[in-house]
Each structure stands twice: as C-alpha cells, then as structure tokens.
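Engineer: Please read through the structure below; I'll follow up with questions.
The values are calculated or read from the model by the stated rules, or taken from the named source; none is laboratory data. These figures come from a predicted structure and were not determined experimentally. Don't worry about glycine lacking a Cβ; one is built from the backbone with ideal geometry, like all the others, and counts go over all protein chains shown. What goes into the accessible areas is simple: the full protein's heavy atoms, side chains included, and nothing from ligands, DNA or RNA. Shrake-Rupley method; radii C 1.70, N 1.55, O 1.52, S 1.80 Å.
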Amino acid sequence: MSDTLRFAYYPGCSGQGTSIEYDQSTRAICKALGIELVDIPDWSCCGSTPAHTVDHVLSGALSARNILQAESLQDVRGIITPCPSCLTNLKTASHRMRDAAFKAKVDSLLDKPCRNDLPIMSVLQVIYQELGPEAVKAKVTNPLTGLKVAPYYGCIMNRPPEIMDFDDCENPIAMDRLMEAVGAEVMPFPLKVECCGASYGIAKNEVVTKLSGKLLDIAVDCGAKSMVTACPLCQMNLDMRQDQINRANGSKHSIPIFYYTQLIGLALGMNGSSLMLDKLFVNPSTVIREMKASQAAAAS
Amino acid sequence: MDTIQMSHSVDAEFIRQVEQESGQNVSLCYQCGNCTAGCPYTEFYDIPVSQIMRGLQAGQRDKLMSCRSIWLCATCESCTTRCPNNIDVARIMDILRHMARKAGKTPEKEVKTFCDAFLDSVRHHGRVFEMGLMTKYMTRTGRFLTDMDLSVKVLPKRKLAMTPHNIVGKKSIAKIFERYNREGGE
C-alpha cells in the first residue's frame with residue numbers, strides 16, 4: 001500500500017446534481033490538504049436505498065462493480081466517498097462478500113469477479129483519522145470564529161458500528177472536532193444521528209417535514225445559527241425543503257445548512273464561489289456577515 | 001389489540017425463510033422494545049418494529065407481508081445498532097420487504113414506484129438521472145404536483161442536469177439487471 005494519501009474517489013450520482021457543491025468543495029479541500037483523489041473510471045450508481053430494499057445480491061453487485069473499477073487503479077490506498085449512502089452500500093457489499101456464498105452470487109452478476117481487498121472509507125474519516133484536526137488547524141488562514149454551528153451526521157455514517165467502523169455510533173465527534181479546529185463554535189446537538197426522513201421527501205413528504213423539522217427545531221433550541229452536514233440527502237432535506245418544513249409545521253426557520261467541506265474550505269481561505277455557497281437554498285450570507293462582524297468586534 | 005389464534009396461524013416455513021435470508025436468529029428477540037423506542041418512524045408505522053419481531057417469531061406471514069411498516073423503514077440502523085442481542089433488525093425489515101415485493105404486496109405504492117423509477121434510471125444510464133427519475137415517478141403515480149413548489153427554487157440553481165449522465169459501460173449495468181432477473185429476481 002502506498003504511503004501517499006492517494007485514493008480511488010467515488011463521487012456518487014448526487015455529486016453531479018443536487019449536491020454538486022459537496023463534490024466541488026470536497027475536491028477543493030482534499031487538494032489543499034494533500035489528499036489525492038483519483039476518480040474511479042466510469043463509476044456507476046451504487047443503487048442507493050432502492051437497490052437494497054429490492055434485493056441484497058443486486059445491491060451488492062451494483063456496489064461491487066465500482067469496487068471492481070477501482071481495482072484497476074494503481075497505488076491507491078483504498079476507496080473513499082463523500083456520500084454516506086454510497087459509503088454504506090460499498091462497505092456493506094464488501095463486508096457481506098467476505099461470505100463466499102454471497103460473493104459467488106454477486107460475482108455471477110458481474111462481468112468478472114472483484115478482489116474485494118481495498119479498504120473503503122468516507123472522506124470525513126480520511127481527513128479526521130489520516131490527517132487529524134491539528135493538521136487541518138495548522139492550515140487555517142481564516143478561522144470561523146463566531147459561527148455557531150450544530151453538527152449533524154445523519155444516520156448511517158457511523159451505523160451499524162460493526163460495518164461502518166468509524167467514530168462513535170451514538171455520539172460521533174469527527175465533524176465536531178474538525179469544526180472546532182477551523183474555529184467555529186460547536187453547539188451541543190443531541191440529534192446528531194437521528195434520521196432526517198431520508199429519501200421519503202418525494203413519496204412520503206410528511207415523513208421528512210416531521211423528522212427534519214424536529215432536527216431544525218432542536219438545533220435552533222441549542223443555539224445554532226447554522227447546521228453542518230456530511231450527507232447530501234440530509235443536506236437536501238434540511239436546506240431545499242426548509243420552506244416545506246416551515247409550512248407543514250408552522251415554523252419560521254431560516255438557517256443555512258453547510259457541508260463540512262464548505263466550512264473547512266472557507267477556513268482555508270477559499271472564496272465562497274469556489275465552494276459553491278451560492279448553490280445552497282437558504283442563503284448563508286447573513287450568517288457569514290454576522291460571523292465577520294463578531295470577529296471584527298473581538299479584534300477591536 | 002388483535003388476538004392471534006396461534007394454533008392455526010403459525011407459519012414455520014416463513015420463520016425459516018426469513019432466518020435463512022437475513023442470517024439472523026429471530027428467537028433471540030426478548031421484546032425489550034429498544035428498537036421501537038429508538039425508531040424515528042414508529043409514528044408513521046401501522047405495526048411498531050418490536051411487534052414485527054414478535055409477529056415474526058409467531059410466524060404471522062400474512063400480517064407482516066401486508067403491513068405498511070416494512071415499506072416505511074428507511075434503514076436508519078437505529079434498531080440494529082441498539083439491539084442488546086445483536087439482531088440485525090434493519091436487515092430483517094429489508095428481507096420482509098423483499099418477500100412482500102415478490103408476493104406482489106405493495107401497501108405503500110408511492111414508495112415502491114419511487115424505488116422502481118430510481119432503479120430504472122440506473123439500469124438505463126448507469127447513473128441516476130434526477131430529472132428523469134422525477135418525471136417517471138410523477139407519470140407513474142399521477143402525482144403531477146409532487147414538489148412543484150420546489151421547481152421554481154431548484155431550476156435557477158442549475159444543479160440539475162437536463163440530460164442523463166450515461167456512462168461508457170452502461171451495458172455492463174444493464175447486464176447486472178438482466179442476469180439478476182434471469183436468476184429469479186423480479
């Protein structure tokens with residue numbers, strides 16, 4: 001295995017659409033932090049939730065094709081992805097393929113069998129474990145002092161712990177520590193791993209407005225002026241559907257929902273447009289202006 | 001509360017099948033209720049997850065195959081993570097849904113239609129085409145106003161591609177589905 005931080009990168013489908021700002025900011029900060037991302041050649045969809053609710057072998061094969069594609073790359077330390085849904089599918093497929101009978105069924109759906117020997121991690125895990133908050137802090141030129149943020153991990157970045165094997169399954173802290181490292185004020189948020197309503201925004205909208213509404217309510221009650229996420233679906237539910245949530249629940253929330261990669265990027269001195277802050281639905285400019293004002297007040 | 005006449009309705013083959021496909025021992029559940037206590041979806045379920053586990057132990061095939069809960073489980077992994085007996089409850093929920101699909105039971109039609117439209121998109125393009133997925137979902141369900149309020153917000157953001165992202169190897173994806181169907185899938 002290579003010593004350099006060179007990884008096979010799996011962007012995930014939403015990274016080309018609804019979470020394009022996550023993909024863009026992930027690529028930008030990885031470059032700045034010395035993590036080399038090599039796109040998996042001709043990667044395909046992992047099947048997300050729909051595949052595993054139809055069949056586990058089909059779901060395994062859709063993930064395994066990507067593992068197979070990654071195995072064609074030289075000198076990569078493993079596969080990494082920003083998206084927890086892609087991550088859980090890739091890791092679950094890889095885990096279940098340790099069972100020879102399951103692997104044989106998956107291989108029978110593929111053009112050729114995969115080796116299944118590459119470690120699979122989230123980009124968050126690599127930044128947190130391979131670099132660490134101190135190394136990130138050392139590169140900060142624009143600390144986010146005064147930004148009150150609630151870190152929201154979503155349900156599957158860390159669960160189930162036997163498969164995801166990263167951080168704490170009830171009270172994860174990786175994003176908390178990284179946000180502290182870039183100078184933000186991290187609010188104690190008890191619903192870090194509660195479900196946002198997942199992909200039911202379309203088919204069962206009331207599920208999302210109820211569950212995501214609770215997340216926004218509690219985050220605000222905890223003193224947060226913004227939330228930070230690591231999951232495209234969580235971000236979309238909280239941000240794009242915030243008006244729907246307000247209408248359904250009679251609330252008046254207007255809090256920006258950042259990707260952690262955007263906030264790290266800001267702290268590393270990147271500008272808002274390169275991090276695609278303009279793609280967020282709830283405009284973050286007020287929160288950013290308030291943060292700068294409090295920094296100026298503290299400096300004077 | 002429903003009363004179940006156990007002498008007539010226990011389907012031992014159903015229990016065996018779920019155990020085999022999920023790799024779980026369902027008799028380990030001692031009804032502590034931890035799964036239900038942590039389940040964010042209980043308020044939307046017709047049967048709470050711990051009662052699904054109990055029904056499973058009692059071999060209640062018909063009741064479980066037609067329940068709405070198995071279609072509303074989002075696989076958030078709370079139940080699996082918190083089960084004191086290490087039962088992978090979310091995996092059992094998935095297996096029950098697989099079996100219900102094969103039995104043609106779909107009490108939550110919109111959920112099934114969304115999943116089918118998503119996988120059709122993957123099968124045809126290799127990656128999900130978000131605009132195409134929405135169009136197909138709305139056409140199939142007749143719910144043409146789904147997320148209409150969002151379209152005025154989303155389109156100006158230019159996040160959504162108007163054409164699909166076809167991958168070079170999309171035939172290899174189509175083949176995965178073909179082989180799966182040939183081997184007894186849907």
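Engineer: Please report the net charge: other residues with Cβ closer than 15 Å to the Cβ of A:Pro160, K and R +1, D and E -1.
Structural biologist: Neighbour charge sum, excluding A:Pro160 itself: -3.
Engineer: Given R₀ = 45 Å, what would the calculated FRET efficiency be for A:Asp278 paired with B:Asn181, taking r from the Cβ atoms and rounding to 0.05?
Structural biologist: With R0 = 45 Å, the Cβ-Cβ based efficiency is 0.55.
Engineer: For chain B, with a Gaussian network of springs between Cα atoms less than 10 Å apart, report the residue from B:Arg127, B:Arg158, B:Arg143 with the top mean-square fluctuation.
Structural biologist: Among B:Arg127, B:Arg158, B:Arg143, the largest mean-square fluctuation in the Gaussian network model of chain B belongs to B:Arg158.
Engineer: Could you work out the mean count of beta carbons from other protein chains within 10 Å of each residue's beta carbon in B:169-176?
Structural biologist: Across the residues of B:169-176, the mean count of other-chain Cβ atoms within 10 Å is 5.
Engineer: Ok, one more. For chain A, calculate the relative contact order in percent as a whole number, restricting contacts to Cα pairs under 8 Å that are 6 or more residues apart.
Structural biologist: Worked out over chain A, it gives 19 percent.
Engineer: Taking only protein heavy atoms and a 1.4 Å probe, what accessible area per residue, in Å², does chain B have with all protein chains in place?
Structural biologist: On a per-residue basis, chain B sits at 49 Å².
Engineer: Further, regarding this structure: Please name whichever of A:Ala70, A:Asn246, A:Val287 sits farthest to the positive end of the charge dipole of the protein assembly as shown, dipole taken about the Cα centre and charges placed at Cβ: Lys and Arg +1, Asp and Glu -1.
Structural biologist: In the protein assembly as shown, that residue is A:Asn246.
Engineer: Taking springs between alpha-carbon atoms closer than 10 angstrom, which of A:Ile257, A:Ile67, A:Ile202 fluctuates most in the Gaussian network model of chain A?
Structural biologist: Checking each option, the largest mean-square fluctuation is seen for A:Ile202.
Engineer: Follow-up question, since we're still on this one. Going by Cβ distance under 4.7 Å, what cysteines of chain B have no possible disulfide partner?
Structural biologist: Isolated Cys, chain B: B:Cys29, B:Cys32, B:Cys39, B:Cys67, B:Cys73, B:Cys83, B:Cys115.
Engineer: Report the accessible surface area buried between chains A and B, summing both sides, using a 1.4 Å probe on protein heavy atoms only, in Å² rounded to the nearest 100.
Structural biologist: Buried surface at the A/B interface: approximately 5400 Å².
Engineer: Could you tell me the relative contact order of segment A:140-299? Use alpha-carbon pairs under 8 Å, at least six residues apart, and round to a whole percent.
Structural biologist: 29
Engineer: Related question: Any idea what angle helix A:285-299 forms with the longest principal axis of chain A, computed on alpha-carbon atoms, 0 to 90 degrees, nearest 10?
Structural biologist: Result, in degrees: 60.
Engineer: While we're on this one: So what's the angle, to the nearest 10 degrees on a 0 to 90 scale, between helix A:84-96 and the longest Cα principal axis of chain A?
Structural biologist: Computed tilt is about 30 degrees.
Engineer: Mark the label point 7 Å from the Cα of A:Lys137 along Cα→Cβ and return the residues of segment A:185-207 whose backbone N is within less than 16 Å of it.
Structural biologist: Label zone hits: A:185-186.
Engineer: Can you classify chain A as rounded, prolate or oblate using the Cα gyration tensor, where a ≥ b ≥ c are the square roots of its eigenvalues, rounded means a/c under 1.5, and otherwise it's prolate if a/b beats b/c and oblate if not?
Structural biologist: oblate
Engineer: At a 1.4 Å probe radius, carbon and sulfur cover how many percent of the accessible area of segment B:12-102?
Structural biologist: Reported share for carbon and sulfur atoms: 45 percent.
Engineer: For chain A, take the longest principal axis of its alpha carbons; what is the angle in degrees between that and the long axis of helix A:205-221, to the nearest 10 within 0 to 90?
Structural biologist: Compared with the principal axis, the helix lies near 50 degrees.
Engineer: As a test of the formula, what do you get for the protein assembly as shown when each DSSP H run with n ≥ 4 contributes -39,500 (n - 2.57) and the sum is divided by the residue count, at 222 nm and rounded to the nearest 500 deg cm²/dmol?
Structural biologist: -14000 deg cm²/dmol
Engineer: Right, here's the next one. Restricting to DSSP loop positions (anything but H, G, I, E, B) with no more than 11 other Cβ atoms inside 10 Å of their own Cβ, which trypsin sites (Lys or Arg not before Pro) remain in segment A:223-298?
Structural biologist: Taking segment A:223-298 and a limit of 11 other Cβ atoms within 10 Å, the loop trypsin sites (Lys or Arg not before Pro) found are A:Lys252.
Engineer: Now, a different point. Which whole-Hz couplings ³J(HN,Hα) result when phi for each residue of segment A:43-50 is put into the Karplus expression 6.51 cos²θ - 1.76 cosθ + 1.60, θ = phi - 60°, listed in order with x for Gly and Pro?
Structural biologist: Ordered by residue, 3J(HN,Hα) equals 4, 10, 5, 7, x, 6, 5, x Hz.
Engineer: Suppose a student asked you for the relative contact order of segment A:6-124, using Cα pairs under 8 Å spaced at least 6 residues apart; what percent would you report?
Structural biologist: Reported relative contact order: 31 percent.
Engineer: Output the pairs from A:Lys137/A:Lys225; A:Lys225/A:Lys252; A:Lys214/A:Lys252; A:Lys91/A:Lys279 with a Cα-Cα distance over 18 Å in this structure; if there are none, say none.
Structural biologist: The pairs that break the limit, which is 18 Å between Cα atoms, are A:Lys137/A:Lys225; A:Lys91/A:Lys279.
Engineer: A further question follows. When the accessible area of each residue in segment A:190-207 is compared between its chain alone and the complete protein assembly (1.4 Å probe; ligands, DNA and RNA ignored), which residues differ by at least 40 Å², being lower in the assembly?
Structural biologist: Correct list: A:Glu194, A:Cys195, A:Tyr200, A:Ile202, A:Ala203, A:Lys204, A:Val207.
Engineer: Springs between alpha-carbon atoms under 10 Å, Gaussian network over chain B: tell me which of B:Lys102, B:Lys153, B:Lys63 tops the mean-square fluctuations.
Structural biologist: Ranking B:Lys102, B:Lys153, B:Lys63 by mean-square fluctuation puts B:Lys153 first.
Engineer: Can you tell which of B:Gly142, B:Asn85, B:Val122 lies farthest toward the positive end of the dipole of segment B:73-186, using +1 and -1 charges on the Cβ of basic and acidic side chains (Lys, Arg; Asp, Glu)?
Structural biologist: B:Val122
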